[in-house]
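Asks: First the structure, which I've put down as structure tokens, then a few questions once you've had a look.
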Amino acid sequence: MTGQPKNRFPSAAVGLLALFAAGCQPQAQTADKAGEKPAEAAAPTASLNTFQTGDLKTLDLTTKVDVPASSFVDAEGKEHTLAEFKGKVLVVNIWGEWCAPCVEEMPTLAKLQKAFPGGDVAVVPIAFGYPKDRDKAVAKLQQLAGTDLPFFYDSTYNVSYDLKTGIFPSTVIFNKDGKEVARLEKNADWSSDRATGLVRSILAGRS
């Protein structure tokens, strides 16, 4: 591919995001209500709406987008696309190293990936920021997840544009056919039984 990716996100809005970054504060994760039974990993083929409790209460099962075709880069600047993960359940996390809720949940995304060692689930965090800040994001991900998650970076905002989200963090889950089945536009504990059960149900073909 030649030339630079076209930035479809207005520069003024990028500036607004920079202001948002300065005030980005953690969102409290919703504790289970007394007597509320979590959707457990023991029921891997549960209907997805049964997982809309606790910190997944606002799980969106209605928004539907296809896997974005936009490119992004790795730590060395090599271009990639999500097509590389075709045939897998894909957990795409949009984050920023400047975003406290993003930083809070990242270690749990690493644990989610480790819960599926068979290679049929790919957790793909894509950091957003200015080109000059890529190395800072690399260092932050290594601090939070070690080598358990790959590093990818989008300085054009094209991936988030295609995902139709401007919220940090956002996690969008696609089934093996590349169709969106769920999204959460807040932080969560992705290592919980509830979250792993959600991904396991999607892997089993639930929608």
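Asks: Equivalent ellipsoid semi-axes for region 67-119, as square roots of 5 times the alpha carbon gyration tensor eigenvalues: give them largest first, rounded to whole Å.
Replies: The answer is 20, 18, 10 Å, longest axis first.
Asks: Further, regarding this structure: Run the accessible area of region 68-207 with a 1.4 Å probe and give the carbon-and-sulfur part as a rounded percent.
Replies: Carbon and sulfur together cover 50 percent of it.
Asks: Pull up the cross-link candidates among the aspartates and glutamates for LYS78, meaning alpha carbon to alpha carbon under 18 Å and not fewer than 8 places away within one chain.
Replies: ASP133, ASP135, ASP154
Asks: If you don't mind, there's one more thing I want to ask. Whole-Hz Karplus ³J(HN,Hα) for region 141-158, in order, using 6.51 cos²θ - 1.76 cosθ + 1.60 and θ = phi - 60°, x for Gly and Pro?
Replies: Whole-Hz 3J(HN,Hα) from phi for region 141-158: 5, 4, 5, 7, 10, x, 9, 7, 10, x, 9, 9, 9, 10, 8, 9, 6, 5.
Asks: Hey, any idea what the orientation-averaged projected area of the convex hull of region 144-202's Cα atoms comes to, in nm²?
Replies: One quarter of the hull surface, i.e. the mean projection, equals 5.0 nm².
Asks: Give me the 1.4 Å probe accessible area per residue for region 157-207, excluding ligands and nucleic acids, in Å².
Replies: 32
Asks: For region 80-207, what number results from the quotient of the Cα radius of gyration and 2.2 N^0.38 Å?
Replies: Expressed relative to 2.2 N^0.38 Å, the Cα Rg reads 0.97.
The values are calculated or read from the model by the stated rules, or taken from the named source; none is laboratory data. Everything quoted here is computed from the prediction, not taken from an experiment. The accessibility values were calculated without ligands, DNA or RNA, using every heavy atom of the protein model including side chains. Shrake-Rupley method; radii C 1.70, N 1.55, O 1.52, S 1.80 Å.
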